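S.K.: One structure is given below, represented as structure tokens, and several questions about it will come after.
Values quoted throughout were computed directly from the atomic coordinates according to the rules given, and no laboratory measurement underlies them. Quantities reported herein were computed from a predicted structural model and do not represent experimental measurements. A quick note on method: Cβ atoms are made from the backbone with ideal geometry, for glycine too, and the neighbour counts reach across all protein chains shown.
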Amino acid sequence: MAHRAGIRIAAGTDAGTPFNRHDRFAVEVKLLAECGLSAAEALAAATSRAALVIGLDKAGRIGTGCWADLVFVDADPLRDLGALASPKGVYVRGTVVA
């Protein structure tokens, strides 16, 4: 839908979708779920799938050699996506940003 609206993401950026920043991540995932995706599908769409679409093989997943972009929450986001709105820690490429 973003593509059809004319939104473009430049190659080499660290954003997979227009909202994929730590301060808007919860909003993005919630909107994806409201469009009909399950919690797991929405989380994957905003992380690993978004990275795959724009060709960032080191983003969107946890593994050796990958960028350490992590959001820590107190609850299971698969049961409650609202937990993403109050992260306890946010790391971008291994550095604490929130």
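S.K.: Under a crude label model (7 Å from the Cα following the beta-carbon direction), how far is Ser38 from Arg61 in nanometres?
M.R.: Spacing of the two 7 Å Cα→Cβ label points: 1.9 nm.
S.K.: Could I ask something else about it? When only Cα pairs under 8 Å and 6 or more residues apart are kept, what is the percent relative contact order across the range 25-96?
M.R.: About 28 percent, as a whole number.
S.K.: By how many nm would the segment from Ala75 to Thr95 lengthen if fully extended, with 0.36 nm per residue of separation less the alpha-carbon distance?
M.R.: So the extension gain works out to 5.0 nm.
S.K.: Can you work out D for the range 31-98 in µm² s⁻¹ from Stokes-Einstein, where Rh is the Kirkwood radius over C-alpha pairs, the temperature is 37 °C and the viscosity is 0.692 mPa s?
M.R.: D, rounded to a whole number, is 258 µm²/s.
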